[in-house]
1. Any idea what the relative contact order of the chain is, in percent, if you count C-alpha pairs under 8 Å spaced at least 6 apart?
2. Return the distance in nm (one decimal) between the two label points of a simple spin-label model at residue 55 and residue 95, each offset 7 Å from Cα along Cα→Cβ.
3. Whole-Hz Karplus ³J(HN,Hα) for segment 80-96, in order, using 6.51 cos²θ - 1.76 cosθ + 1.60 and θ = phi - 60°, x for Gly and Pro?
4. According to the Cα gyration tensor, what semi-axes, each the square root of 5 times an eigenvalue, does the equivalent ellipsoid of segment 1-79 have, listed from largest to smallest in whole Å?
5. Using a probe radius of 1.4 Å on heavy atoms only, what accessible surface per residue do you get for the chain? Whole Å² is fine.
6. Tell me the net charge near residue 78. Cut-off is 10 Å between Cβ atoms, residue 78 excluded, with +1 for each Lys or Arg and -1 for each Asp or Glu.
7. Rounded to the nearest 0.05, what FRET efficiency is calculated for residue 195 and residue 25 with R0 set to 22 Å and r the Cβ-Cβ distance?
8. Normalise the Cα radius of gyration of the chain by 2.2 N^0.38 Å (N = residues in it) and let me know the number.
Amino acid sequence: MSFVLDDAQHFWSSTFRQSNRNFERAELVLFTGSTGSACGGATADIGPHYCPADQRVYLDLDFFRELRNRFGAPGDFAQAYVLAHEIGHHVQNLLGINQEVRQQQEADPDSANDLSIRLELQADCFAGVWAFTTYQRDLMESGDLDEGLAAAASVGDDRIQEQAGEDVDPETWTHGSAEQRVEWFRRGFENGDPNDCDTFGAD
């Protein structure tokens, strides 16, 4: 986790610098059970998430066990995908995308879920962009990409509803389907360009 946190943020810092932007590093909080946060507290039920108010990523260590056992997505690169996705939310926050989405959601509540999905898919794409840089530097091992793709698919809203024994209901989705999450993670990985991660302009 420490390596992924540092490596991903080093990449984004360099990318921001190329656009004459300042990158503020996020902090990682590892916990079990629950812990306090500026977003009203972090619990295992919430799962891994980013809190814009304190610019911290909260990861419940038991989640990785659940990712492996319940969702069938084992491997160190599956865990790396999760953290890289949350750092993607930090990037969105620094770019003002989070705030724009919240304003749009407040102005048009009917589009709130769709906007949330697009926000999540963009973070998946950003995670894929970082993964591409690890491939370029020969840091990826055989099977790593498959682990990342499996993790992206496992946390699709349809997969989670199926796991819970619920009917698959796209109207209630907030993160996107397994297919969508894999598609955008793969798009980031194949192109390695954050500019190709415009989920808000996509169909």
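1. 20 percent
2. Each label point lies 7 Å from its Cα, and together they span 1.7 nm.
3. So the J values, rounded to whole Hz, are 4, 4, 4, 5, 4, 4, 5, 5, x, 5, 5, 4, 4, 5, 5, 7, x.
4. Here the semi-axes work out to 25, 18, 8 Å.
5. I get 50 Å² per residue for this part.
6. Net of charged neighbours comes to -3.
7. 0.45
8. 0.96
The values are calculated or read from the model by the stated rules, or taken from the named source; none is laboratory data. The shown structure was predicted, so the numbers you read here are calculated from the model rather than taken from an experiment. Cβ: placed from backbone, ideal geometry, glycine included. Neighbour counts: every protein chain shown. Remember, those area values only see protein heavy atoms, side chains included, never the ligands or the DNA or RNA. Shrake-Rupley method; radii C 1.70, N 1.55, O 1.52, S 1.80 Å.
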